[in-house]
Amino acid sequence: MDWLTLGQMLNTTLVFSTALIFAALGGIFSERSGVVNIGLEGLMMFGAFAAAVGGYYAQDAGYETMAPWIGVLCAMAVGVIGALIHAVASITFKADQTISGTVINFLAAGSTLYLVKLLFEGAGETPLIDGFSKYPIPVLSKIPVIGPGLFNNYPTTYLAIILVIVVYFLLFKTPFGLRLRAVGEHPSAADTLGVNVNRMRYVGVMLSGMLAGIGGATITLTTTGTFAHNTISGQGFIAIAAMIFGKWNPLGAFGAAVFFGFSQAIRNYVQLFGWSQSIPQEFIYMIPYVLTIIVLVSAVGRSSAPSALGQPYDPSKR
Amino acid sequence: MSAAPSVVELKQITKRFPGIVANDSISLTLEKGEIHALLGENGAGKSTLMNIVFGLYQPDEGSIEIGGKPVIIDSPNKAIELGIGMVHQHFKLVEPFTVTENIILGTEPKKGLKIDYKSAAEQVRKLSELYGLQVNPQAKIHDISVGMQQRVEIMKTLYRGADILIFDEPTAVLTPQEINELMAIMKRLVAEGKSIILITHKLKEIMSISDRVTIIRRGKVIDTVKTSETNPNELAEKMVGRDVTFKVDKQAPNIGKTVLKLDGVSSKNKEGIPVLNNLSFEVKAGEILGIAGVDGNGQSELIQAITGLRKIDSGSIAIEGKEVANLSPRKISEMNVSHIPEDRHKHGLVLDFTVSENMVLETYYKSPYNRNGFMDSEVIDKHAEELVRAFDVRTPSIHNTARSLSGGNQQKAIIAREIDKEPTLLIAAQPTRGLDVGAIEFVQKQLIAQRDQGKAVLLVSFELDEIMNVSDRIAVIYEGQIVGEVYPKDTNDQELGLMMAGSLKRGGKAGE
Amino acid sequence: MNKLKKIFATDSYIVPLVAIILGFLVGAAVMLIGGYDPIAAYGALFKRVFGSAYDFGEAIREMTPLMLTGLSVAFAFRSGMFNIGADGQVLIGMTAASVIGIKLAGLPTFLLVPLAVIGAGLFGGMWAGIAGYLKAKRGINEVITTIMLNWVALYLANYIVRTFLLIPGQNRSEDIPASMSLTFLNSIFDNARLHWGTVIALAAAVFFYIYLWKTKQGFEMRAVGLNSHAAEYAGMNVRRNVMKSMFIAGVFAGLAGAGEVLGVFHYQSVFAGSPGYGFDGIAVALLGLTHPFGVILAAILYGMLTYGSAGMSFNADVPPELIRIVIGSIIFFIAAQGIVRWVLKPFYFKRKKEKVL
């Protein structure tokens, strides 16, 4: 393997990581507020679908360059709507959060494909769209290896990395973040200080829908160009693992997402190694999933999870 | 009364919950600079009333006036706006946050988009100085003592400019010394012009600090009296509704051989911090050993170690001469050890099991309940019927879930189950917590009856009165160590308090 | 999760019934928005199921794996675990049955078939046991591990089929000589692919019920599921119970896999993606309120819906995915019971009117 390939591999790693970063950041908002969000997978599906459809119609209407961004906006909106279902069930009606999240996954799988067939005359996937093109950052992208690896990427990837910092700032430096975390750690403490627990949780869950939606959108807009039943296949769950591995911290989740992105990217490059010929392809496909389990075994588990995670807030049980 | 309007006036407050009238037409006034005690048993309606004042509940009838003006308090925010602050019994503190973060939560000072931590910490420091609270603004909550945590709670209200402070059972978790310090703080607060409502069921505190007392029983005001014109006996009678004796009747103990012996027991928690530290004591047949101490000094861990729920790193635990350290809970239970756990909801009962199922929670695998792997529900039900009758557990049927029982009856069910095992060693952790006077008497009598039958009883309690009244001998635990052993007749609250705070040791065995 | 159990333990059958009705209404609304005729669609759905002996038999065939995966999820649930991994357990069960059925084909049928079935159950159980072990010993959330294990199972099953069982040039295994088909019913059900798996599924439900509510081990397992702390205090071995319950849950799912390859297809495909048995199982378990007999009823409903959805798509041109929306909505309403109560109370008469719709 030469330096060129290494640069490409870095690049692919970031491409795969992007969706995971968005979704994991989304998961952090939801879970830091105390709401388990196993529905990230479904929310990504909503986003991927909305981006494909929105992008297609925008492109169709002649907004060539703006089309992918319109797709992203659609994904954000649909992600928020999907998350709202989760929020209503688990916050207002105190449904079990894991089950409510599962419902999101169900509804997403059913409704997106239903709509695809409805909109595109029974087709199994959306029409192919152009999506984003890579945007090399001037000067920086000329650096050998690192340049093509890190600084010649999709705008969504840059956005994801910027967002990591923004979310970190939001969570740990602003009143909003303090309140959100308080609500996830000790809701009744927040309540007695006049912080509206359920409202904060709604915001957390809806932000998670928005970000997971963008995450899903990046997959259709940078990788597949279309939405089909298998466009989102496990990325949402891997994002959850990244969030846990990153200890519900944006920086940690970023690191974990890049790690998982790398394990996906390695699939495409492993055949460049001579020894890989002797390994069946299925075992290479397994890598991200096995790695996730191994990572969870070695991570400290739930010890750093928000204390009130998974518990509906019931003011009468103060 | 002077012409100035009362700081707070509650007029005929009524609050109903399904099946119960928690507050029945309660009226109460708080004057400026006054400490007004609200006395009543668990479940009398004190907390409901104060939650109404703090805006957490809405009254069904009645009205509230603050400084002579009628107000509607529909949220804690509104209460805070009106200058009302509440120091909750169970602290409302976010453990991983700092003192400052806890205090400013909800009303954060800002600099641009960011929280202005610098000026916040400065403000916290100033308040701390003004009221002599000595709180470190940068400390994380889980690193500071319970007494300090309570001060943070007080600061939260002061930071929001509260003039009316409600203290809900503030002394439940404090040592006698910390209680004295709290009293001093409260006096300082009223001297600075604040007014205080003190919710408690402890007569001693009321007598020492309050100006007036309002007694409520079953949701109704029984009386409001000046503290200087009453005495503890009168208050107690009004609170309970009948004559109460403070002393528990018991004979001199008939002490037999050693049943439980701990020698140099040490254990670390997950973080590697020692929670039991070279701890030794013994309990003999026919005596009640009371473990006194402030919550969090290793009591739970001690019981876990004895009952097999926690591994110990060194030392020995022997029951009737047999080493049991690090055996499984099942093995230890089979050596005739009964355990009334501290947290009856979490550890004592499966709340969604029926009463009947809960009665065999530890013995279900034995004959006659278990026949060749199948449960014999007839035998199990018959057994439950007997226990329910013998221990007067009030339940519509043994097939109701444990969840549907009142707290007192849940505790009775646990005690029935544990005593039915005919233990040689009975471990009771906080057996009367949250119970009303009648249930407390019942539980304490059961413990004494067990001891009179020659059982060894280990009683862990944070209530000094209970320790003093029920125990035959007292061991004081501090930071995972027994720092002294005394007989109740040879000691007093002050001495025990000093030992509980770690500032006094009385080495050796009691009486030596 | 305890809270949910409490809700599910109440003897209220009205909530699931209303939830089902609401789910159908949501589906109808979605169809109306999409410009379809819901009455025609639902009509086509039921006509498909009850239209012929063959279709009825095939609907039963459709219900069978749902019963077993539903029981799998429900059983784990009763001891406090959320088994999202029934999918992988089915695949592992399938593969075990295929390997045994093909590689030991020399054995007499009365040995071969039971061996393949038992092998499927055991391997399915062990696969689930991995998640149980990780939960019990390392405290790792079983939701994530079972999901990951689903993917690993998919690729592992494909690897085994591709490497050891493949018909060259095709994407499937050789034919499996071991068969669970109920051939004597062929004439009645017009050669619908009925098999012994249905009988096994019903027996599994009975086993589930007796084991959990009548035996000593079941007593422990329920105690662990409802309050693991109290169970530990009472001297029960929580970890062992967690592993045992995951194992049994996996056995149920593994048996479903055996039924599919030995009773329905008689070969095993190389799967392009998750076959989705386990996710259906979650829906069935929740719909059946995690009670074994409820699960059977739920599987019957769910099986009818999914089997009938093909008819719906054929005759009314409605995409079959609509059924997933209906089912997702039903679970949503069951999980968020408050909504159902809210709907029931003030709009009681209105609901009656809508039912006619």
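The values are calculated or read from the model by the stated rules, or taken from the named source; none is laboratory data. Since the structure is predicted, the reported quantities are computational estimates derived from the model, not experimental observations. Positions of Cβ are backbone-derived with ideal geometry, glycine not excepted, and every protein chain shown enters the neighbour counts.
Numbers at a glance
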item	result
Out of B:Ile380, B:Ile319, sole residue that is touching a Leu at 6+ places or on another chain (Cβ under 9 Å) and in contact (Cβ under 8 Å) with a residue 24 or more places away in the chain	B:Ile319
Scan of region B:321-352 for residues that are more than 10 Å from chain C (Cβ to nearest Cβ) and more than 23 Å from B:Ile474 (Cβ to Cβ), ordered by number	B:Gly321, B:Lys322, B:Glu323, B:Val324, B:Ala325, B:Asn326, B:Leu327, B:Met335, B:Asn336
Checking A:Ala190 against (1) crowded, with 24+ Cβ neighbours inside 10 Å; (2) more than 8 Å from chain B (Cβ to nearest Cβ), the condition it does not meet	(2)
Tally, over region B:394-425, of residues that are hydrophobic (A, V, I, L, M, F, W, C) and modelled with pLDDT under 90	1
Region A:87-113 residues that are within 7 Å of chain C (Cβ to nearest Cβ) and in a helix (DSSP H, G or I), paired with ones that are of a type in the set (Phe, Trp, Tyr) and surrounded by fewer than 24 Cβ atoms within 10 Å (Cβ to Cβ) (beta carbon under 8 Å, 6 or more apart)	A:Thr98/C:Phe82; A:Phe106/C:Phe279
Residue within region A:150-164 that is more than 14 Å from chain B (Cβ to nearest Cβ) and in contact with a Cys (Cβ under 9 Å, 6 or more places away or on another chain) present	no
Residue in region A:173-180 that is farther than 26 Å from A:Val290 by Cα and either away from every other protein chain (no Cβ under 12 Å) or outside any helix (DSSP H, G or I) (or both) present	yes
Residue match in region B:256-272 (condition: outside any loop (DSSP other than H, G, I, E, B) and either on the phi > 0 side of the Ramachandran plot or surrounded by fewer than 14 Cβ atoms within 10 Å (Cβ to Cβ) (or both))	yes
Residue list for region C:307-333, filter: within 12 Å of chain A (Cβ to nearest Cβ), among the polar types (S, T, N, Q), touching a residue at least 24 places away in the same chain (Cβ under 8 Å) and surrounded by fewer than 22 Cβ atoms within 10 Å (Cβ to Cβ)	none
Residues of region C:84-98 satisfying the condition of being among the aliphatic types (A, V, I, L, M), assigned to a helix (DSSP H, G or I) and out of contact with any Leu (no Cβ under 7 Å at 6 or more places or on another chain)	C:Ala86, C:Val90, C:Ile92, C:Met94, C:Ala96
Residue satisfying condition, being hydrophobic (A, V, I, L, M, F, W, C), away from chain A (no Cβ under 14 Å) and over 30 Å from the mean Cα position of the chain (by Cα), within set B:Ile72, B:Ile35	B:Ile72
Single residue of region B:437-473 satisfying the filter (touching a Pro at 6+ places or on another chain (Cβ under 6 Å) and aliphatic (A, V, I, L, M)) that is surrounded by the fewest Cβ atoms within 10 Å (Cβ to Cβ)	B:Met468
Given (1) more than 9 Å from every other protein chain (Cβ to nearest Cβ); (2) in a helix (DSSP H, G or I); (3) over 19 Å from B:Val152 (Cβ atoms); (4) of a type in the set (S, T, N, Q), number of the condition B:Asn51 does not satisfy	(1)
Condition broken by B:Lys270, with the remaining ones in (1) modelled with pLDDT of 90 or more; (2) farther than 29 Å from B:Leu498 by Cβ satisfied	(1)
Unique residue being over 26 Å from B:Val146 (Cα atoms), part of a helix (DSSP H, G or I), in contact with a strand residue (DSSP E or B) (Cβ under 6 Å, 6 or more places away or on another chain) and β-branched (Val, Ile, Thr) when the list is B:Ile467, B:Ile414, B:Ile448	B:Ile414
Total residues in region B:75-130, condition farther than 15 Å from B:Gly55 by Cβ, within 25 Å of the chain's Cα centre (by Cα) and basic (Lys, Arg)	0
Helices (runs of 4 or more DSSP H) wholly inside region C:190-243 that include at least 2 residues being at the interface with chain B (Cβ under 8 Å from one of its Cβ atoms) and over 17 Å from C:Thr290 (Cβ atoms)	C:216-226, C:228-233
Some residue of region B:151-168 being over 26 Å from the mean Cα position of the chain (by Cα), facing chain A (nearest Cβ under 10 Å) and assigned to a loop (DSSP other than H, G, I, E, B)	yes
Residue in region C:233-242 that is surrounded by 24 or more Cβ atoms within 10 Å (Cβ to Cβ) and touching a strand residue (DSSP E or B) at 6+ places or on another chain (Cβ under 9 Å) present	yes
Counted residues, region B:91-135 - those being within 11 Å of chain A (Cβ to nearest Cβ), in a helix (DSSP H, G or I) and closer than 17 Å to B:Arg151 by Cα	6
Residues located in region C:81-94, provided they are crowded, with 24+ Cβ neighbours inside 10 Å and either within 12 Å of chain A (Cβ to nearest Cβ) or under 8 Å from the mean Cα position of the chain (by Cα) (or both)	C:Met81, C:Asn83, C:Ile84, C:Gly85, C:Ala86, C:Asp87, C:Gly88
Single residue of B:Asn102, B:Asn136 found to be without any contact (Cβ under 8 Å) to a residue 60 or more places away in the chain and over 30 Å from B:Leu504 (Cα atoms)	B:Asn102
So C:Phe252, is it buried (at least 21 other Cβ atoms within 10 Å of the Cβ), touching a Phe, Trp or Tyr at 6+ places or on another chain (Cβ under 7 Å) and under 15 Å from B:Met375 (Cβ atoms)	no
Where B:Asn358 falls short, out of the listed (1) crowded, with 21+ Cβ neighbours inside 10 Å; (2) farther than 24 Å from C:Leu226 by Cβ; (3) within 12 Å of chain C (Cβ to nearest Cβ)	(2)
Members of region C:114-167 found to be facing chain A (nearest Cβ under 9 Å), within 21 Å of C:Ile282 (Cα to Cα) and hydroxyl-bearing (Ser, Thr, Tyr), listed by number	C:Thr145
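Okay, residues lined up against (1) out of contact with any helix residue (DSSP H, G or I) (no Cβ under 8 Å at 6 or more places or on another chain); (2) assigned to a loop (DSSP other than H, G, I, E, B):
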residue: B:Glu301; (1), (2): yes, no
residue: B:Ile306; (1), (2): no, no
residue: B:Gly315; (1), (2): yes, no
residue: B:Asn326; (1), (2): yes, yes
residue: B:Leu351; (1), (2): no, yes
residue: B:Leu361; (1), (2): no, yes
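Listed here are the residues, each with its yes/no results for (1) surrounded by fewer than 14 Cβ atoms within 10 Å (Cβ to Cβ); (2) part of a helix (DSSP H, G or I); (3) more than 9 Å from every other protein chain (Cβ to nearest Cβ); (4) modelled with pLDDT of 85 or more.
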| residue | (1), (2), (3), (4) |
| --- | --- |
| A:Ile238 | no, yes, no, yes |
| A:Ala256 | no, yes, yes, yes |
| A:Met286 | no, yes, no, yes |
| A:Val290 | no, yes, no, yes |
| A:Ile293 | no, yes, no, yes |
| A:Ser303 | yes, yes, no, no |
| A:Tyr313 | no, no, yes, yes |
